[in-house]
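Chemist: Could you have a look at this structure, given as C-alpha cells, before my questions?
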Amino acid sequence: MAYCQHIGVEFMFINDLEQCQWIRQKFETPGIMQFTNEEKRTLLARLVRSTRFEDFLQRKWSSEKRFGLEGCEVLIPALKTIIDKSSENGVDYVIMGMPHRGRLNVLANVIRKELEQIFCQFDSKLEAADEGSGDVKYHLGMYHRRINRVTDRNITLSLVANPSHLEAADPVVMGKTKAEQFYCGDTEGKKVMSILLHGDAAFAGQGIVYETFHLSDLPSYTTHGTVHVVVNNQIGFTTDPRMARSSPYPTDVARVVNAPIFHVNSDDPEAVMYVCKVAAEWRSTFHKDVVVDLVCYRRNGHNEMDEPMFTQPLMYKQIRKQKPVLQKYAELLVSQGVVNQPEYEEEISKYDKICEEAFTRSKDEKILHIKHWLDSPWPGFFTLDGQPRSMTCPSTGLTEDILTHIGNVASSVPVENFTIHGGLSRILKTRGEMVKNRTVDWALAEYMAFGSLLKEGIHIRLSGQDVERGTFSHRHHVLHDQNVDKKTCIPMNHLWPNQAPYTVCNSSLSEYGVLGFELGFAMASPNALVLWEAQFGDFHNTAQCIIDQFICPGQAKWVRQNGIVLLLPHGMEGMGPEHSSARPERFLQMCNDDPDVLPNLEEANFDINQLYDCNWVVVNCSTPGNFFHVLRRQILLPFRKPLIIFTPKSLLRHPEARTSFDEMLSGTHFQRVIPEDGLAAQNPENVKRLLFCTGKVYYDLTRERKARGMAEQVAITRIEQLSPFPFDLLLREVQKYPNAELAWCQEEHKNQGYYDYVKPRLRTTISRAKPVWYAGRDPAAAPATGNKKTHLTELQRLLDTAFDLDAFKNFS
Ligand SMILES: Cc1ncc(C[n+]2csc(CCOP(=O)(O)OP(=O)(O)O)c2C)c(N)n1
C-alpha cells in the first residue's frame, strides 16, 4: 500500500471495514498532507523551543542527567499537535504519562511548567521543604490549567508522577483519566483524554503495556481511546521509512491490542505533524487507541554522561554526521520562502532570552517545594496551606434505621419482574434473617459500610477479578435475571433517592494493570472509596511494582495522598502454598513506624496522629463489625492513607464471625485492639498467659481454650490494626495482667505473618520488661503445606504450644 512519504501505517489486523477505509483515505489521498505557511511557522517555532531547551540545559548543567530529547526533538511539536487537534474536537482535560526521555522538555514546552521551577531542580544547594522524601526531577508530576493558543479554549494538562519502572504509570494514567471522565459525566471520552508516551524498548518488552491496552476494551475501564506515542530510537539511525516498518516491536504490541500504528520518520516534522493530527482525529472519531511511532535516533548516550561509542561505534559515527532536525527544517522553510534567516534567528534568540531570564529568577528560589509538582490537587479537601481540616474522626457507627434499611435492600430484589437463581434466593433469605436478628456477617457488614457511604455522597468503586459475585460467592452485588440474558440489577444503586453511584466491576485477569488503574482512579478525588480486591491475597505480588513504587511511598515521594483500599483474602486453611497467604510480612516490613521508639502516648488524638504520620494502614479484622468500621473510617478521616486489609475466606461463613447491630450503632468506633472480655478479664491477676493474635486464628484459639477449660488462665487479645501499631491500647492490656507471660500466636510460618513486626513493638511497649514468646508454625520457604493432614497437624501443634503453660520454661 502506498503511503505519504516518510510514513508507514500498519492496520491490516483491524477487521472493521469503516475504520480501514478511514485510514486509507487519510494516507492514500494524493496531496492530502498540506500545511499553511502559518502552520509551518508554528511548527518551526515549536522545534526551536524543543531544541533550544535541551541546548540550554546542556550549556548550564553539562554534567547533570536530564535524559535529553536530542534526535527526537519533534516530540514536542508532535504532542502539541495532538493536544491542539483534540482541543479543537472538544477535549478540555488531557492526562499524560511518560518516561524519562524528554520529560523536562515536555514539562517546559507542552505543559508549560514555569522554567524557573524546572531550573531550580538542578540547584543542589536548595533545601527541600519538609514535605516527604522527594524524588528526582525527571519523575515529578504536574498539573496546569491554561489557554490553548491555537484553539483559544481552556485546557488542563496533567502529567502523572512516576517511578523509574518504565511503563508502570500507564495504568495509573488510565485510571485517573477514567475517574476524571466519570466525575464530569463524560461517558464517551469527549472531554477528558489520555496520552501515553513510551520508549521503544519497554513498550515492546513490558507486559504492563499489554495489560493496559487490554483495559481499553472493558466498559468499566475504558478511557475511550488513548493516543500512544513511542519515542522509537531502538532501530538506530535511519531516514528510510521502510526501516521503520521493519521495526518489529511497536508493531507487535499494536497487533495484539488491535490498534492502528502509524510509523513516521521524525526527521520530517511535517509528516510527524500530519500523523499526529490523524491520530487525534482517529481517537475522536472512533474512541479507540492508536499508536504514533516516532522513528528517530538518539544523539547522545542513554543519559548525558554515557558514551554510546563504547558499544555502538559505527551507528554513532553516522549519527554525529546528521544535521539536527531543526536546522534541516529551518533550511527547508527558508528555501521555500516561508521564513527568512533573520526571522529564524530572532525566534531562537527570543527563546534563549526566555530561558536566561528564568534562570536568573531561579536563583532567587530558596526552598524546593515538592507540592509545586502535584499532578492531582484536591481543592477544598485540605485547608489552604494543605493541612487536614481537623485531627479527629467522628463515630463510624450508624443509626438502627439505616442499618435495617440497608440490610433489607441487601436481602431483596429491589426491582419488579426479576427472577434470581434459587440458590441466591436462599442466600438473600439468610441475610434477611440476620437483619431481623440484628446481626451481620462479613458480606452484610461490607454492604452496610458501602451503602451508608453512598448515602453520604461518597462514590464507591470495587474492582478486581470476580468481585461482583465475590470470589467466595458471598457478595452477590450484581443480580442476574435467570430468564433474560444480560439483564442485571445492582441493589446497592437502589438504596437512597440521591445517593452517590456504586461501581462494581469484574476486571480483566490482571493485577499489575488493574491495581495501577484503581490507584489512578483513587487519585482523582478524595471523596470516593476505591477498592481493589485480589482474587486471593498472594496474587498481589504480580502487582508488586504498584505497591512498592506508588502505594507505599507515594506520599513521601510526591506529596500526594491516596486512599486506595486493598482487600487481600488471607488465611491458612489447608489450601496449599498458593491461595493461603497475602504475605502480611511484606506490607508490615514497609511500614514507616519505628519499632524501637515508644511514641508519646499521652498526646491528644494519639490514634489519629499516628494514622496521619503513617505511610499506610494495615489491618486484619476478626469481626465483620470491625471491617465495617474500618471501611467507613477510611472516608471519615480528614486525610487519606492507603489501607491494606487482610480479608477472610472461611470466616465469611463462620457462625461465630457475626456482629450485632449494637456494635455498629452511632457512637461506636473501629477497635484497633479487641481486648479479652471473658473470664480472664474478670480476675486478671490470675491470668498466667496473655496471648496476642490477629485475624482468624482467634477463633481456633478460643475453641481450643474452651476445650481445655483454660478461660481463667489464658487471656486472648486481638490486634486488629497492626500498623500503625496500637502501642497505647496494648500497654493497657499488658498492665492489666501483671502475672501473665506474653506470647504472640499466629498461624503463619515464623518467618512470615506478623511476628517480626509485632515482637519488637510489643517489647518496646513494655520497655523490654518481659520476653514475648512465639506460638506458631516453624520457619518455612513456602507459605503453606499442600497436604491437608500436615496442615491440621501443624495447627494442633501451634495450639498446643499456645496453651501449654510450661512451653517456654526451658527458654527462660
Ligand atoms: C522496568 C524497568 N526495567 C529496567 C529499567 C532500566 N532502564 C532505564 S532506561 C532503560 C532503557 C530504555 O530504552 P528505550 O525505551 O529505548 O528508551 P531510551 O532511553 O533509549 O529513549 C532501561 C533498561 C527501568 N527503568 N525500568
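Since every read-out is calculated from the coordinates, none of them should be taken as a lab result. It should be emphasised that the depicted structure is a prediction, and the values quoted were computed from it without experimental measurement. Please note: Cβ atoms are built from the backbone with ideal geometry, for glycine as well, and neighbour counts cover all protein chains shown.
Chemist: Which value in deg cm²/dmol, rounded to the nearest 500, describes the helix-derived mean residue ellipticity at 222 nm for the chain, given -39,500 (n - 2.57) per DSSP H run of n ≥ 4 and division by the residue count? Kindly include the intermediate steps, with their values, before the conclusion.
Modeler: Values: 27 runs with 307 residues, N = 812.
Calculated mean residue ellipticity at 222 nm is -11500 deg cm²/dmol.
Chemist: Using the beta-carbon distance between residue 490 and residue 707 and R0 = 45 Å, what value does 1/(1 + (r/R0)^6) give for FRET efficiency, to the nearest 0.05? Numbers along the way, then the final one.
Modeler: Numbers: r = 44 Å, r/R0 = 0.98.
So, using R0 = 45 Å, E works out to roughly 0.55.
Chemist: For residue 149 and residue 164, calculate 0.36 nm times their separation in residues minus their Cα-Cα distance, and state this gained length in nm to one decimal.
Modeler: Once the chain is fully extended between residue 149 and residue 164, it gains 2.1 nm.
Chemist: Quick one: if you stick a label point 7 Å off each Cα along the C-beta vector at residue 436 and residue 408, how many nm between them?
Modeler: Taking the two extended label points, one gets 1.5 nm.
Chemist: On to the next question. Extension gain residue 201-residue 360, at 0.36 nm per residue separation less the Cα-Cα distance, in nm?
Modeler: Residue separation times 0.36 nm, minus the Cα-Cα distance, leaves 53.5 nm.
Chemist: How about segment 58-158: which trypsin sites (Lys or Arg not before Pro) there lie in a loop by DSSP and see at most 13 other Cβ atoms within 10 Å? It would help to have the intermediate numbers written out before the result.
Modeler: Working: sites: 59, 60, 65, 66, 80, 85, 101, 103, 112, 113, 125, 137, 145, 146, 149, 153; in loops: 65, 66, 101, 112, 113, 125, 149.
Answer by residue number: 112, 125, 149.
Chemist: Taking the Cα centre as origin and putting +1 on Lys and Arg beta-carbons and -1 on Asp and Glu beta-carbons, what dipole magnitude results for the chain, to the nearest 20 debye?
Modeler: Working: 91 positive and 100 negative charges, 68 e Å.
My answer is approximately 320 debye.
Chemist: Same structure again: If you rank 29, 226, 668 by fewest surrounding Cβ atoms within 10 Å, what's the result?
Modeler: Values: 29 10, 226 28, 668 17.
Lowest to highest Cβ neighbour count: 29, 668, 226.
Chemist: Of the options 528, 215, 179, report the single residue whose Cα projects farthest towards the positive end of the charge dipole of the chain (beta-carbon charges: Lys, Arg +1; Asp, Glu -1).
Modeler: Sorting the options by dipole projection puts first 215.
Chemist: Starting from the Cα of residue 187, step 7 Å along the direction of its Cβ; do the same at residue 133; then give the gap between the two resulting points in nm.
Modeler: Inter-label distance under the simple model: 4.5 nm.
Chemist: Which value, in debye to the nearest 20, describes the size of the charge dipole of segment 703-812 about its Cα centre when Lys and Arg Cβ atoms bear +1, Asp and Glu Cβ atoms bear -1, and nothing else is charged?
Modeler: 40
Chemist: Could you please tell me the mean projected area of the C-alpha convex hull for segment 9-85, averaged over all directions and given in square nanometres to one decimal?
Modeler: Numbers: hull surface 30.5 nm².
Mean projected area for segment 9-85: 7.6 nm², to one decimal.
Chemist: Hey, another quick one. From Cα coordinates alone, what are the radius of gyration and Dmax values for the chain in angstrom?
Modeler: 29.9, 99
Chemist: For segment 389-451, which GluC sites (Glu not before Pro) are in a loop by DSSP, counting at most 13 other Cβ atoms within 10 Å? The partial results should precede the final answer.
Modeler: Working: sites: 400, 416, 433, 446; in loops: 416.
Answer in residue order: 416.
Chemist: Once a ≥ b ≥ c are taken as the square roots of the eigenvalues of the Cα gyration tensor of segment 596-741, is the result rounded (a/c under 1.5), prolate (a/b larger than b/c) or oblate (a/b not larger than b/c)? Walk me through the numbers on the way to the answer.
Modeler: Details: a/c = 2.00, a/b = 1.28, b/c = 1.57.
The shape class here is oblate.
Chemist: For residue 335 and residue 688, calculate 0.36 nm times their separation in residues minus their Cα-Cα distance, and state this gained length in nm to one decimal. List each step's numbers first, then the result.
Modeler: Working: separation 353, 0.36 × 353 = 127.08 nm, distance 9.53 nm.
Taking residue 335 through residue 688 to full extension adds about 117.5 nm, to one decimal.
Chemist: Quick one: dipole size for segment 70-118, taken about the Cα centre, charges +1 on Lys/Arg Cβ and -1 on Asp/Glu Cβ, in debye to the nearest 20.
Modeler: Numbers: 6 positive and 7 negative charges, 29 e Å.
Charge dipole of segment 70-118: 140 debye, to the nearest 20.
Chemist: Give me the distance in nm between label points sitting 7 Å out from Cα along the Cα-to-Cβ direction at residue 681 and residue 20, one decimal.
Modeler: Output for this residue pair reads 7.2 nm.
Chemist: In segment 264-306, whose amide N lies under 19 Å from the spot 7 Å out along Cα-to-Cβ of residue 29? List them in ranges.
Modeler: 270-287
Chemist: To check my understanding: the extent here is largest minus smallest coordinate of the Cα atoms along each principal axis. What are those three numbers for segment 584-643, in Å, largest first?
Modeler: Principal extents (largest minus smallest coordinate, Cα): 32, 30, 20 Å.
Chemist: For residue 596 and residue 456, what is the calculated FRET efficiency with R₀ set at 51 Å and r taken between the beta-carbons, to the nearest 0.05?
Modeler: On the way: r = 40 Å, r/R0 = 0.79.
Here the calculated transfer efficiency is 0.80.
Chemist: Which parts of segment 321-351 would a label at residue 60 reach, counting a residue when its backbone N lies under 19 Å from a point 7 Å out along Cα-to-Cβ?
Modeler: 348-351
Chemist: Compare the Cα positions of 448, 30, 332 along the charge dipole of the chain (+1 at Cβ of Lys, Arg; -1 at Cβ of Asp, Glu; about the Cα centre) and return the one farthest towards the positive end.
Modeler: 448
Chemist: Can you classify segment 524-666 as rounded, prolate or oblate using the Cα gyration tensor, where a ≥ b ≥ c are the square roots of its eigenvalues, rounded means a/c under 1.5, and otherwise it's prolate if a/b beats b/c and oblate if not? Could the numbers behind the result be given before it?
Modeler: Numbers: a/c = 1.56, a/b = 1.16, b/c = 1.34.
The shape class here is oblate.
Chemist: Considering only DSSP states other than H, G, I, E and B, which trypsin sites (Lys or Arg not before Pro) in segment 438-534 qualify as loop sites with at most 11 other Cβ atoms within 10 Å? Mind dumping the intermediate values first?
Modeler: On the way: sites: 438, 455, 461, 469, 475, 486, 487; in loops: 438, 469, 475, 486, 487.
When the trypsin sites (Lys or Arg not before Pro) of segment 438-534 are filtered for loop state and at most 11 Cβ neighbours within 10 Å, 486 remain.
Chemist: If you don't mind, another one. Go through 150, 807, 765 and say which Cα lies farthest out towards the positive end of the charge dipole of the chain; charges sit on Cβ, +1 for Lys and Arg, -1 for Asp and Glu.
Modeler: 807
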